[in-house]
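K.L.:
Mind having a look at this structure? Questions to follow.
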Amino acid sequence: MVEETSRVFRARVVNLKWIEAMRRHGYKGAFELAATVDYLFGYDATTGVVADWMYDKLTET
């Protein structure tokens, strides 16, 4: 489960191409960005598999 979380995190949450695509979608893209971060927090709260480095990387992005 940790490996899959890491893979999804890199592919979406901190993927600059994905983030730029969301920005082009205006308010709907902003909602998707916010929802993704919200889901990350919720997933961490229920599974505990989100590593500290992921939060660090999220704040840098």
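The values are calculated or read from the model by the stated rules, or taken from the named source; none is laboratory data. The model shown is predicted, which means the values in this text are computed figures rather than measured ones. Only protein heavy atoms, including side chains, enter the accessible area calculation; ligands, DNA and RNA are left aside. Shrake-Rupley method; radii C 1.70, N 1.55, O 1.52, S 1.80 Å.
K.L.:
Ordered by residue, what ³J(HN,Hα) values in Hz, to whole numbers, does region 3-16 give under the Karplus form 6.51 cos²θ - 1.76 cosθ + 1.60, where θ = phi - 60° and Gly and Pro are x?
P.N.:
5, 5, 4, 4, 5, 5, 4, 5, 6, 10, 4, 10, 7, 4
K.L.:
Over the chain, with the other protein chains present, what is the accessible area per residue in square angstrom, probe 1.4 angstrom?
P.N.:
Per-residue value: 73 Å².
K.L.:
Please report the carbon-and-sulfur percent of the accessible area for the chain; probe 1.4 Å, protein heavy atoms only, DNA, RNA and ligands left out.
P.N.:
Ligands and nucleic acids excluded, carbon and sulfur give 58 percent.
K.L.:
While we're looking at this one, here's another question. Regarding the chain, what's the average projected area of the Cα-atom convex hull, expressed in nm²?
P.N.:
Across all orientations, the chain yields a mean hull projection of 3.9 nm².
K.L.:
Run the numbers for residue 43 and residue 59: contour at 0.36 nm per residue of separation, minus the present Cα-Cα distance, in nm.
P.N.:
Fully extending the segment from residue 43 to residue 59 adds 4.0 nm.
K.L.:
Ranked from the most accessible area to the least, with a 1.4 Å probe and all protein chains present, what is the order of 31, 41?
P.N.:
Highest to lowest solvent-accessible surface, that is 31, 41.
K.L.:
Tell me the mean residue ellipticity at 222 nm calculated for the chain from its helices only (DSSP H runs of n ≥ 4, each -39500 (n - 2.57), averaged over every residue, nearest 500).
P.N.:
-24000 deg cm²/dmol
K.L.:
May I ask for the angle, rounded to the nearest 10°, between helix 26-47 and the longest principal axis of the chain, with both axes built from Cα atoms and the value confined to 0 to 90°?
P.N.:
10 degrees
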